1. I'd like to check something: does region 10-22 contain any residue that is surrounded by fewer than 19 Cβ atoms within 10 Å (Cβ to Cβ), more than 16 Å from residue 120 (Cα to Cα), in the same structural domain as residue 124 (by TED's automatic domain parsing) and modelled with pLDDT under 90?
2. Counting only residues that are under 11 Å from residue 140 (Cβ atoms) and out of contact with any strand residue (DSSP E or B) (no Cβ under 8 Å at 6 or more places or on another chain), which one in region 172-189 is surrounded by the most Cβ atoms within 10 Å (Cβ to Cβ)?
3. I'd like to verify a number: residues in region 73-93 that are surrounded by fewer than 16 Cβ atoms within 10 Å (Cβ to Cβ) and out of contact with any strand residue (DSSP E or B) (no Cβ under 8 Å at 6 or more places or on another chain), how many?
4. Are any residues in region 40-58 surrounded by 13 or more Cβ atoms within 10 Å (Cβ to Cβ) and within 13 Å of residue 72 (Cα to Cα), and if so, which ones?
C-alpha cells in the first residue's frame, strides 16, 4: 500500500468524491466547495478566506463548471494566495457513474495516482517522516468537545459560539459543525481551549 504524500497547503476541490480521491493519495487539508453551493454559502466563503491567508491550492475539473468555480474562488482570495493546478483532459467515465459527463472528460475523482502526483509535484513536502508523524498526532476539536464546553446542545450555547466566532474572525452565525471545521483548519485545539478560557472565565 502506498504511503500518503504530505502537502503543506490546504487543497480546494469541488465535491466529496474529489476530496476522497485526493485524501487517499495526499496527507493534506482538503476543503470542498460543495459544487456551486459555495456561491450562496457565506460560511464556506469565509472559511476559504480564513484558510487562504497563507495560500491554497485550487484544483477543479476541466469542464465549464470547474472553470466557473475556479473563477469564483479567484474572486474571494488575492491572486498571489492561490496556486492554480489543473488536471489533464482525459476522456473517460468515473467508475461510480453510469454515463460520461457532458464534456466526456474525467474529473478530479477519476484521476489516477500517478497523474495527480505529477500535478502536485512541486508542492510535495519532502521533509522528515518524523515531522509527518507529529503533524498527524495533533489533537482535533470534536463535537463532543463542543458539547462538554457548552458550545452545543445547551442553554446559551449559540451565544457562546457567536462570541468565539467573533473572537476568531469568523461569521457570527456559523453552525456548530462549520465552526468546528474552521477551528481545526486554522487555530487548532490548543488555541481554541485558550480562547474559551479567556472568553468564559472557566465556565467551560
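1. No, region 10-22 contains no residue that is surrounded by fewer than 19 Cβ atoms within 10 Å (Cβ to Cβ), more than 16 Å from residue 120 (Cα to Cα), in the same structural domain as residue 124 (by TED's automatic domain parsing) and modelled with pLDDT under 90.
2. Keep residues of region 172-189 that are under 11 Å from residue 140 (Cβ atoms), which gives 180-181, 183-185, 188-189.
Checking the rest, the ones that are also out of contact with any strand residue (DSSP E or B) (no Cβ under 8 Å at 6 or more places or on another chain) come to 180-181, 183-184, 188-189.
Details: 180: 21, 181: 18, 183: 23, 184: 17, 188: 14, 189: 15.
Ranking the candidates gives 183 first.
3. Summing the residues that are surrounded by fewer than 16 Cβ atoms within 10 Å (Cβ to Cβ) and out of contact with any strand residue (DSSP E or B) (no Cβ under 8 Å at 6 or more places or on another chain) in region 73-93 gives 6.
4. 41, 44, 45, 48, 49, 58
The values are calculated or read from the model by the stated rules, or taken from the named source; none is laboratory data. None of the values given here were measured: they were computed from a predicted structure. Reconstructed Cβ throughout: ideal geometry from the backbone, glycine too, with neighbour counts over all protein chains shown.
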